[in-house]
Amino acid sequence: MNFRDLVYRLYARRVEGRLDHDQVPKHIGVILDGNRRWAKASGGSAVQGHQAGADKISELLGWCDETDVEVVTLWMLSTDNFDRPEHELKPLLGIIENTVRNLAADGRWRVHHVGTLDLLPVETQTVLKEAEEATSGIDGIIVNVAVGYGGRQEIADAVRSLLLEHSEKGTSFEELAEVVSTDLISEHLYTRGQPDPDLVIRTSGEQRLSGFMLWQSAHSEYYFCEVFWPAFRKVDFLRALRDYAARHRRYGA
């Protein structure tokens, strides 16, 4: 261990020691951004960047487990990512599949897919379904893997699901118009039954949501971190929690 690593560990321990676990967010959403730029800066390929980003996920979940976080949503593949060239998209999907398999095999996490399955290749769909089924009984952190996810698409899917459900019940449009509410729409989101994210973290310095959890993040706190996702450290995570704990959430009051 060199001097720099020692100083970093001591600083991380100091930040963690001052963390109030009563103020830790229960649901954290993470936009895993900067894999390709990290790879470019390191002289590697996009695939190597995506793999490094995937390898970082287990570390993040370990930190969340240590700090009593209950739900983590990881944005791994957006609907916009399908516009990427085939030579990059295909290996990226393979990395995602392996990552989801590893999350399920870990035995500590309850894996839940959020996104549109129909957009994904059959193999990816199968991996996501099997991981969800295999971990459904685990009493651990809920890990939402956002694959083939878009915030606008989620809202459209929720409204479609709501309309179909009430159509099957024979509800008229007039009757539905009388009862439709934000709570009713929330019951048809990909994350139904879960608390909305308290904190959304985005790495790589970008300061926008890009469509991530548009409905659920209406009252979330945001933390934008300059570091690329593969280089995200425990101290960066703890700083985000410390920053969140220092804020006063008023919800419009």
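The values are calculated or read from the model by the stated rules, or taken from the named source; none is laboratory data. These numbers were taken from a predicted model, which means no experiment stands behind them. Cβ placement follows ideal geometry from the backbone for every residue including glycine, while neighbour counts extend to all protein chains displayed. Each accessible area value is taken on the protein alone, full model and side chains, heavy atoms only, with ligands, DNA and RNA left out. Shrake-Rupley method; radii C 1.70, N 1.55, O 1.52, S 1.80 Å.
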> Roughly how many Å is it from the Cα centre of the stretch 43-88 to that of the stretch 162-211, as a whole number?
Replying inline: 24
> Of all the accessible heavy-atom surface of the stretch 163-206, with the other protein chains kept in place and a 1.4 Å probe, what percent is carbon and sulfur?
Replying inline: 50
>> Quick query: amide H of Asp33 versus all other amide H atoms, modeled in the peptide plane; which residues come in under 5 Å with a sequence gap of 5 or more or a different chain?
In response: Thr203, Trp229
> So how do 235-241, 109-115 stack up, highest first, on mean other-Cβ count within 10 Å?
Replying inline: 109-115, 235-241
>> Please list, by residue number, every one of the trypsin sites (Lys or Arg not before Pro) in the stretch 165-225 that is coil in DSSP and has at most 16 other beta-carbon atoms within 10 Å.
In response: Arg192, Arg208
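Compute the relative contact order of the chain as a whole-number percentage, counting only Cα pairs closer than 8 Å that sit 6 or more residues apart in sequence.
Details: 371 pairs, mean separation 70.3, N = 253.
Value for the chain: 28 percent.
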>> What does the C-alpha gyration tensor say about the overall shape of the stretch 111-253? Classify as rounded when a/c is under 1.5, otherwise prolate if a/b is larger than b/c, or oblate.
In response: oblate
> Considering only Cα-Cα distances, which of the following residue pairs are longer than 32 Å: Lys129/Lys169; Lys26/Lys169; Lys26/Lys90?
Replying inline: Lys26/Lys169; Lys26/Lys90
> Which entry in (i) 64, 38, 37; (ii) 53, 36, 31; (iii) 70, 49, 35 is this structure's computed Cα extents along the principal axes in Å?
Replying inline: (iii)
> Using a basic spin-label model with each label point 7 Å from the Cα along Cα→Cβ, how many nm lie between Ala134 and Leu162?
Replying inline: 3.6
> Which of the GluC sites (Glu not before Pro) found in the stretch 177-206 are in a DSSP loop and have at most 15 neighbouring Cβ atoms, other than their own, within 10 Å?
Replying inline: Glu187, Glu206
> Mind listing the phi-derived Karplus ³J(HN,Hα) values for the stretch 174-184, rounded to whole Hz, using 6.51, -1.76 and 1.60 with θ = phi - 60°, and x for any glycine or proline?
Replying inline: 5, 5, 5, 4, 6, 10, 4, 8, 5, 5, 5
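At 222 nm, what helix-only mean residue ellipticity would the chain give, in deg cm²/dmol to the nearest 500, using -39500 (n - 2.57) for each DSSP H run of four or more? Show your work: numbers first, answer last.
Details: 9 runs with 121 residues, N = 253.
About -15500 deg cm²/dmol.
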> Does the stretch 19-73 come out rounded, prolate or oblate by the C-alpha gyration tensor, with a ≥ b ≥ c the root eigenvalues, rounded set by a/c under 1.5 and, if not, prolate when a/b is larger than b/c and oblate if not?
Replying inline: prolate
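Arrange the peptides 51-64, 139-152 so that the one whose residues have, on average, the most other Cβ atoms within 10 Å appears first.
Descending mean neighbour count gives 139-152, 51-64.
In whole percent, and with a 1.4 Å probe on the protein chains, what portion of the accessible area of the stretch 62-106 is carbon and sulfur? Provide the component values of the computation, followed by the final result.
Values: 870 of 2030 Å².
Of the solvent-accessible surface of the stretch 62-106, carbon and sulfur hold 43 percent.
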> Quick one: accessible area per residue over the chain, 1.4 Å probe, rounded to a whole number of Å²?
Replying inline: 53
